[in-house]
Amino acid sequence: MLAVLAMLLAGLLAFHRAVPNSVGRLGSLLEAFLPWLGLVVVVLLGLALLRRSAIALVALLLPVTAWTYLFGGLFLPGPEPGAHDLVVVQHNVSDENTDPAGTARALADAGPDLIALEELVPTALPVYEKTLARDYPYHAVRGTVGLWSKHPLTDARPLDIKPRGITEAWNRGLRAAVHTPRGEIAAYVAHLPSVRVRASGLASSWRDESAGLLGRAIAAERRDPVILLGDLNGTVDDRGLAPLTSRMNVAERGFSFSFPAGFPLARIDQVMARSATVGHIRALPATGSDHLPVAARITLD
C-alpha cells in the first residue's frame with residue numbers, strides 16, 4: 001500500500017497538469033499547494049521506515065525525484081549580484097494596514113530600485129507618498145496600485161484588467177516606463193482578483209480572466225525588457241496564471257512564501273520578467289499587512 005501511494009504521489013507531482021480543471025478547478029487547487037506534497041513524501045518515508053519496507057523505500061525514490069526536479073533548484077544559491085542589476089520589492093500592503101508609515105520605511109530599508117504596492121487606500125496613500133518621497137522621488141498611482149522608483153518614470157497609465165462580472169469601480173493595474181541607467185524598461189503593476197476555496201472547489205474564474213487580459217497586454221508591449229510586479233493571487237505553478245508564466249521568466253531561486261503573513265503557505269506575490277532574468281526572490285520581514293513583502297533581483301539581458 002505504501003508503495004502504491006508513493007507511485008500515485010509521484011504521478012501527481014510529475015503530471016499535475018493532467019489533473020482536470022473542469023470540475024471545481026481541482027488542477028489549479030492542487031498546483032497552488034504543489035510544494036507541500038513534499039510533506040506527504042516525508043510522512044510516507046517515516047511509515048516505510050517504521051514498517052521496514054524495502055519496496056516502499058524504493059518506490060519513494062519516484063516522488064522524491066519528481067519533487068526535487070520541480071523544486072530542488074529553488075534552494076540553490078543565486079548568482080552573484082551584478083553591478084547593473086535592479087532590485088525590486090513587491091508588496092500588497094493591505095487596505096486594513098494600521099501602520100502605513102512603518103510599512104513604507106521597512107520597504108525602503110531593503111534599498112530596492114522599484115517598489116510596487118497594492119491595496120492603496122485614499123487615507124493611507126499620502127502617508128506612503130510622504131514616507132517614500134526622499135528615496136523614491138518618482139511614483140505613479142492608478143486606482144489602488146502604485147509604483148515608486150529611484151529612476152524617472154514616464155508614460156504611466158492605467159491598465160484595464162477588470163473582469164466582465166465586476167460592475168463597480170475597479171482599477172488595479174498600471175503600466176509605466178522606467179528610465180534606468182541601463183535603458184528604458186516597461187514596468188507593470190497588477191493586483192488580480194482574489195480566489196476562494198469552497199466546498200465546490202477553487203473559485204478563480206475572475207482571477208483567470210484578469211490574468212488573460214494582463215497576459216494580452218504584456219504580449220502587445222513593444223518595449224523590452226518588461227517587469228511585472230503584483231499580487232497575482234496564484235502561484236507560478238497554477239495553470240490559471242499560464243497567460244503570464246508562458247510569456248515571462250519567473251524566479252529561478254527562492255521559495256519565499258508570502259501569504260498569509262502569519263503562516264505563509266504559498267507565494268502569490270510575484271515578480272516576473274521578459275527579456276530579463278529574475279535570479280532570486282526572497283521574503284522580507286512582516287509589516288502591518290496580511291502579506292509578506294518579497295524582494296527580487298532582476299538581471300537585464
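The values are calculated or read from the model by the stated rules, or taken from the named source; none is laboratory data. Note that the structure is a prediction, hence the values are computed from the model and not measured. Quick reminder, even Gly has a Cβ in these numbers, built from the backbone with ideal geometry, and neighbours come from all protein chains shown. Protein only, heavy atoms only, side chains kept; ligands, DNA and RNA dropped before computing areas. Shrake-Rupley method; radii C 1.70, N 1.55, O 1.52, S 1.80 Å.
Structure data summary
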{"item": "From phi via Karplus (6.51, -1.76, 1.60), per-residue ³J(HN,Hα) for the range 224-232 in Hz, x at Gly/Pro", "result": "10, x, 10, 10, 10, 10, x, 8, 9"}
{"item": "Accessible-area value, ASP224, 1.4 Å probe, nucleic acids and ligands omitted, Å²", "result": "80 Å²"}
{"item": "Packing-based ranking, highest mean first, of 230-242, 175-187, 207-219 given that Cβ atoms within 10 Å are counted", "result": "230-242, 207-219, 175-187"}
{"item": "Scattering profile of the range 140-203 at q = 0.17 Å⁻¹ [log10 I(q)/I(0), Debye over alpha-carbon scatterers]", "result": "-0.66"}
{"item": "Projected label distance in nm at LEU61 and PHE255, using a 7 Å step from Cα toward the beta-carbon", "result": "2.5 nm"}
{"item": "Cα-Cα separations in the range 1-64 greater than 13 Å, expressed as whole percent", "result": "60 percent"}
{"item": "Under 5 Å, built H, 5+ apart or other chain: amide partners of ARG25", "result": "LEU202"}
{"item": "Of the trypsin sites (Lys or Arg not before Pro) in the range 25-91, those whose Cβ has at most 14 other Cβ within 10 Å and which sit in DSSP loop", "result": "ARG52"}
{"item": "Value of [θ]222 nm, deg cm²/dmol, for the chain, DSSP H segments ≥ 4, -39500 (n - 2.57) each, nearest 500", "result": "-8500 deg cm²/dmol"}
{"item": "Accessible area (Å², 1.4 Å probe, nearest 10) - VAL250", "result": "50 Å²"}
{"item": "Viscosity 1.306 mPa s, temperature 10 °C, Stokes-Einstein D of the range 155-301 from Kirkwood C-alpha radius, µm²/s", "result": "101 µm²/s"}
{"item": "Radius 13 Å from Cβ of ARG142, net charge of other residues (Lys, Arg +1; Asp, Glu -1)", "result": "+1"}
{"item": "Rounded tilt (10° steps) of 61-71 against the dominant C-alpha axis of the chain", "result": "0 degrees"}
{"item": "Degrees separating the helix 37-51 axis from the principal Cα axis of the chain, which is the longest one", "result": "20 degrees"}
{"item": "Computed lengthening from VAL23 to SER200, 0.36 nm per intervening residue step minus Cα-Cα distance", "result": "62.9 nm"}
{"item": "³J(HN,Hα) computed for each position of the range 150-160 - Karplus, 6.51 cos²θ - 1.76 cosθ + 1.60, integer Hz, glycine/proline x", "result": "7, 10, x, 10, 9, 6, 6, 8, x, 10, 7"}
{"item": "Length-normalised contact order of the range 228-291 in % [C-alpha pairs under 8 Å, at least 6 apart]", "result": "39 percent"}
{"item": "Zone of TRP36's modelled label, taken as backbone nitrogen in the range 7-21 under 16 Å from a point 7 Å along Cα→Cβ", "result": "13"}
{"item": "Calculated from backbone phi, Karplus (6.51, -1.76, 1.60) coupling profile of the range 253-268 in Hz, x at Gly/Pro", "result": "9, x, 7, 6, 4, 10, 8, x, 4, x, 8, x, 10, 7, 9, 9"}
{"item": "Point-charge dipole on Cβ atoms (K/R +1, D/E -1) for the chain, about Cα centre, debye to 20", "result": "640 debye"}
{"item": "Fraction of accessible area attributable to carbon and sulfur, the chain (%, probe 1.4 Å)", "result": "60 percent"}
{"item": "Residues of the chain: accessible area per residue with a 1.4 Å probe, Å²", "result": "47 Å²"}
{"item": "Normalised contact order of the range 1-151, rounded percent, pairs of Cα under 8 Å and 6 or more residues apart", "result": "18 percent"}
{"item": "Square roots of 5 times each gyration tensor eigenvalue, C-alpha, the range 158-245, largest first, Å", "result": "26, 14, 10"}
{"item": "For the range 65-163: Kirkwood Rh in Å [reciprocal of mean 1/r, alpha carbons]", "result": "15.4 Å"}
{"item": "Estimated Rh, the range 111-179: Kirkwood, alpha-carbon pairs, angstrom", "result": "12.7 Å"}
{"item": "Three-way shape call for the range 35-101 based on the alpha-carbon gyration tensor, with the a/c threshold at 1.5", "result": "oblate"}
{"item": "Mean Cα-pair separation over length for the chain, i.e. relative contact order, pairs under 8 Å, 6 or more apart, %", "result": "19 percent"}
{"item": "Extent along principal axes [Cα atoms of the chain; Å; largest to smallest]", "result": "64, 46, 40"}
